[in-house]
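Here is the structure we will look at.
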Amino acid sequence: MAETMTGLKRTHYCGTLRPEHIGQEVVVCGWVQRQRDLGQLIFIDLRDRTGIVQLAFDEGTSRDIFQKAFAVRAEFVLLARGLVRERTSKNMEIPTGEIEVEVQELRVLAKAETPPFEVLEDSNVKEDTRLKYRYLDLRRPNLQRNIIARHKLVKIAHDYFDRHGFIEIETPDLIASTPEGARDYLVPSRVFPGSFFALPQSPQLYKQLLMLSGFDRYMQVARCFRDEDLRADRQPEFTQIDFEMSFVDQEDVMAIGEGFIQEAYREICGVEIPLPLPRLTWDEAMRRFGSDKPDLRFGLELTDVSGLLQGTGFKVFAGALAEGGSVRGICLKGEAEKLSRKEIDKLQEWIKAYGAKGLAWTRLAEKETSSYEKFLTQEESAAIRAAMGAEPGDVLFLVADGDNSVVFASLGALRCELARRFDLIDASRPCLLWVTDFPQFEYSKEEDRYVAMHHPFTAPRDEDLDKLESDPGHVYAKAYDMVANGYELGGGSIRINDPEVQERMFQALGFTPEQAQARFGFLLNAFRYGAPPHGGMAWGLERIMMVLLGVDNIRDVVAFPKVASSAEPMSGAPGRVDPKQLAELGIALLPGEENT
């Protein structure tokens, strides 16, 4: 039967004890990391969220306590009272390695079955097992440090925005569906049969209404939900650090954003980020790096060789140019001997996932080989090599397509893949920047219309207003994203505050006035009563934590994450519900989807 804590209270966390505590009586609580039975001596490593301390049982220990310590196993929950003393065999690899606790009283607060895996700092356990037993996985010190650091970032946000005059206001989690972007998670209403709430993808409309309401500076640590396919840096439910400001321009918003991220790096990483952050326009970022979230910790910039191939006889390149596309490439310096033909063939297949039809290459090894130069004139081949700065030992990669977005996506991904494979990334320093002047629209082939690149409430640049109807593909937005190490940390924009411009924006997106009123009528109506100039941005809290802590998967900074299918292995969510609940909601399942 488990013992209780009655009569004793914890005095110290395990990882906080130091030589200055020698001679003091302490009470510590935690989980058993391991027990070592040396015959006349027993040592127990006791773990809590602050670290490990060694409990010692020797010839001075009473027989009943010694026997109790002998029976202890991994993950038992213990309370120990004793004197802090100097260790005879010190372990300088842990902060408590100079001391131990000579136990005078031991209580077993809870026993534990043998866990499915050992709770270690860097466990090699399969991820599906870790997620099924997430409550055990979260006992690992590295995950606990991540979650504690996340808490610290939230506190930094609250303190920073409070100092700058922002008011934290909660916005609703049950809202009207406004389908423009990712899919909504829908919540059926019992009171209004056949009607649904949506969970917010962001607090966007409400924070704009708060500006109209006169609160001037708003912030919120907001939960958001998007029913979209998952990636290593994305979850279906996530947290935004969200803010909005009135009577400002883009520079004001970006200055507040820079200050916050500088403070986050300083307090969590001990790194000073110089301000102002460098900036690239969207056009330049795409042209040089093939991505609107470029990683600038390495080179491998793109080279446009389209102008060198006008009139080429090579059908692959000529066809791409004839369709209005381009031929662009990357020069990998000095790795020709290391990159085999077999590995290049694998890259040719790999890059097809980004829409490219293939990958042309020239390998300037001791014996030169190329997949495309035999189809070009000597002058064309020489011009491409010169433009890309090719030297002996380099490898040239080219992508040609009639759709420039395919060229950019393919080469943008390739430069990152090559940097990883050949260890070109300078991981010693973070590299932050702003990407500005995004296109207002992007064309959706699926919907056969223009859609908003950010959202429909982003203001176009003043000089582009006259193009909204006549040339939407060349309208640029007052939009900005903060990027770090190839990840988008957050983004925002100056918002439309003129009802007439907002209506023109909806028309450019293909909405009839009736459709716009049906979806966003409450916002359009509110604008009739005086909306100040305003703008803001939001960061993905989990994305920031990934970059700050240098982890590769967003699941390592979320306490109870979802997997790629959006399921949670530990609890079994999503699950079936009682038929009575469905009946109350007026929901019937399709044949074959019975709720069993």
Residues of region 414-442 satisfying the condition of being open to solvent by less than 20 Å² (accessible area, probe 1.4 Å) and closer than 25 Å to ARG363 by Cα: LEU414, ARG415, LEU418, ALA419
Residues that are part of a loop (DSSP other than H, G, I, E, B) and open to solvent by less than 60 Å² (accessible area, probe 1.4 Å), drawn from region 79-116: ARG87, ASN91, ILE94, THR96, GLY97, ALA112, PRO115
Flag for SER410 being in contact with a helix residue (DSSP H, G or I) (Cβ under 6 Å, 6 or more places away or on another chain), without any contact (Cβ under 8 Å) to a residue 24 or more places away in the chain and assigned to a helix (DSSP H, G or I): no
Checking GLN378 against (1) touching a residue at least 24 places away in the same chain (Cβ under 8 Å); (2) surrounded by fewer than 19 Cβ atoms within 10 Å (Cβ to Cβ), the condition it does not meet: (1)
Failed item in (1) out of contact with any helix residue (DSSP H, G or I) (no Cβ under 7 Å at 6 or more places or on another chain); (2) open to solvent by 20 Å² or more (accessible area, probe 1.4 Å); (3) farther than 30 Å from ASP403 by Cβ; (4) not in a helix (DSSP H, G or I), with LEU275 passing the rest: (1)
Qualifying residues in region 202-229 (those that are open to solvent by less than 30 Å² (accessible area, probe 1.4 Å) and either closer than 21 Å to ASN553 by Cα or assigned to a strand (DSSP E or B) (or both)) - the one modelled with the lowest pLDDT: CYS224
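Conditions (1) touching a strand residue (DSSP E or B) at 6+ places or on another chain (Cβ under 6 Å); (2) of a type in the set (Val, Ile, Thr); (3) in a loop (DSSP other than H, G, I, E, B), marked per residue:
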| residue | (1), (2), (3) |
| --- | --- |
| TRP361 | yes, no, no |
| GLU366 | no, no, yes |
| ILE425 | no, yes, yes |
| VAL451 | yes, yes, no |
Options GLY530, GLY536, GLY592: the member that is without any contact (Cβ under 8 Å) to a residue 24 or more places away in the chain and either of a type outside the set (Ser, Thr, Tyr) or in a helix (DSSP H, G or I) (or both): GLY592
Residue list for region 30-64, filter: open to solvent by less than 20 Å² (accessible area, probe 1.4 Å) and aliphatic (A, V, I, L, M): VAL32, ILE42, ILE44, LEU46, VAL53, LEU55, ALA56
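The values are calculated or read from the model by the stated rules, or taken from the named source; none is laboratory data. Values in this document were obtained by computation on a predicted structure and should not be read as measured data. In this analysis, Cβ positions are derived from the backbone assuming ideal geometry, glycine residues included, and neighbour counts consider all displayed protein chains. The accessibility values were calculated without ligands, DNA or RNA, using every heavy atom of the protein model including side chains. Shrake-Rupley method; radii C 1.70, N 1.55, O 1.52, S 1.80 Å.
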